[in-house]
């Protein structure tokens, strides 16, 4: 397998340094593009699809016409002093984004090698050493590009960098098997135990997620469960209590409650999409405290936020 | 070059397209880009070493430092447009070796790596680095640990001084007024990737309020 490491490639949309809510210490977070789920509240909509996408921010456009000149597919045009964008013609090649002086156009999603990613990760090595930090793979779903993920993790291991994966758990078990030896910590999302509610708001099966969680815990892997607390979906003591009970049964001792936020809502418009989540209010501090108490009832340590 | 100089002479009048290209496309110091940072290092060395040629009226040496205190605010009006895309009315960079406002887009670790590329030993009167952080990124004991790690690493890499602004709501309000100066002000949340300045005003209000309550 090792001869494949240097050649492994994958699709990512960001590498964020100084990430401090995605595992211990100062970390670099690699955002994989593509996710098997499509949660209605997703704050990284650009992470969902498995291909590059163009984000267009009309508020930054200075109507210079650079994109119109550059676009090989006549998807960008300028008419009446304003820039127009025809998504039907767009193939997300990113030529317009390169031509735009005002950063109104961004291409989300670029194909890179594992080596490229590791080169970037290594830049902050002294910060990881001083803070107990490392690298976290997230996104999107890292385990949907298993070989690429494994290649990055393996190289980080060689460089003695702590490795973590954020996962929705909705992948084949074989994906977990491929990475467990190279992963120091799993940040495992768990959203709801009810099959109907889970499917309605995430598009996926809670059974698959739970099965993977149990097997992973059974291997003795270090797992922290993360629960996005979403208004109208699971933000009540009964659901949170049930989730933490299930987590405790797997032998997992730590759970994070991540309160819903709308910071990503603006990105939907940039993608030409509607933000579909109607539940919309932030979770109040009082409610969060009630949920935290409910979660601790099962002997699980609960942290608020990441 | 002649075209660039002409643009600067005209304070970029009629040249907004090119100004934006210079501002957004030409790489900037503060982003851990070895090539750009190398220019900063060479420039700093050039300036600092010049002082070795001179003596003060009492026959003593000059001890140069890279710190503007607040002179950068004063000099704004006397420094014309610059090739980084700054017009004459825009601020000069603060501190001595801080990246210019809004030009650092890769977070505090990248800023530190850039600043560490200068040769601080040549600045016997010290170097000054300002870094802005959001309260959430250094909150609690764990956050404090991360802050300590930032400082430790900077000093290990050769830095001499760093001071932090942990953003309060007054600064957030200023960021609403002047987003172009705060493009690296990211509210870091678990697993969330934010595009700069995509947060609309209503959500900005929300963040400001949450900052007041939680920190």
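No value in this document is a laboratory result; all are computed from the given coordinates. The model shown is predicted, which means the values in this text are computed figures rather than measured ones. With ideal geometry, Cβ positions are generated from the backbone for all residues, glycine too; neighbour counts draw on all protein chains shown.
Overview of results
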{"quantity": "Space enclosed by the convex hull of the alpha-carbon atoms of the stretch A:124-261, per residue, Å³", "calculated": "116"}
{"quantity": "Debye-sum result for the stretch A:56-154 in log10 I(q)/I(0), which assumes one identical scatterer on each alpha carbon, at q = 0.18, 0.23, 0.24 Å⁻¹", "calculated": "-0.85, -1.06, -1.13"}
{"quantity": "Hull volume in cubic angstrom per residue (convex hull over the Cα atoms of the stretch B:6-103)", "calculated": "128"}
{"quantity": "Helix axis angle, A:237-249 relative to chain A longest principal axis, alpha carbon, degrees", "calculated": "70"}
{"quantity": "DSSP beta bridges in chain A [antiparallel fraction, %, rounded to 5]", "calculated": "40"}
{"quantity": "CD proxy at 222 nm, helix term only [per DSSP H run n ≥ 4: -39500 (n - 2.57); per residue of chain B; nearest 500]", "calculated": "-12000 deg cm²/dmol"}
{"quantity": "Percentage of interatomic Cα-Cα distances in chain B larger than 31 Å", "calculated": "27"}
{"quantity": "Chain B: relative contact order in percent, alpha carbon pairs under 8 Å with at least 6 residues between", "calculated": "20"}
{"quantity": "Separation of alpha-carbon centers, the stretch A:19-36 and the stretch A:137-170, rounded to whole Å", "calculated": "10"}
{"quantity": "Rounded to 10°, Cα long-axis angle of helix A:206-218 versus longest principal axis of chain A", "calculated": "60"}
{"quantity": "Compactness relative to 2.2 N^0.38 Å, alpha carbon Rg of the stretch A:4-95", "calculated": "1.40"}
{"quantity": "Contact order relative to length of chain A, as percent, for alpha carbon pairs under 8 angstrom and 6 or more apart", "calculated": "19"}
{"quantity": "All-pairs alpha carbon distance profile, chain A, 10 Å steps from 0, percent", "calculated": "6, 25, 32, 24, 11, 3, 0"}
{"quantity": "Degrees, to the nearest 10: A:285-296 long Cα axis against longest axis of chain A", "calculated": "40"}
{"quantity": "When the convex hull of its Cα atoms is projected in every direction, mean area for the stretch A:195-306 (nm²)", "calculated": "7.5"}
{"quantity": "Hull volume in cubic angstrom per residue (convex hull over the Cα atoms of the stretch B:12-59)", "calculated": "119"}
{"quantity": "Per-residue average of Cβ from other chains inside 10 Å of A:62-73", "calculated": "1"}
{"quantity": "Whole-number D in µm² s⁻¹ for the protein assembly as shown, Kirkwood Cα-pair radius fed into Stokes-Einstein, 37 °C, 0.692 mPa s", "calculated": "132"}
{"quantity": "For chain A, calculated [θ]222 nm from helices alone, where every DSSP H run of n ≥ 4 adds -39500 (n - 2.57)", "calculated": "-9000 deg cm²/dmol"}
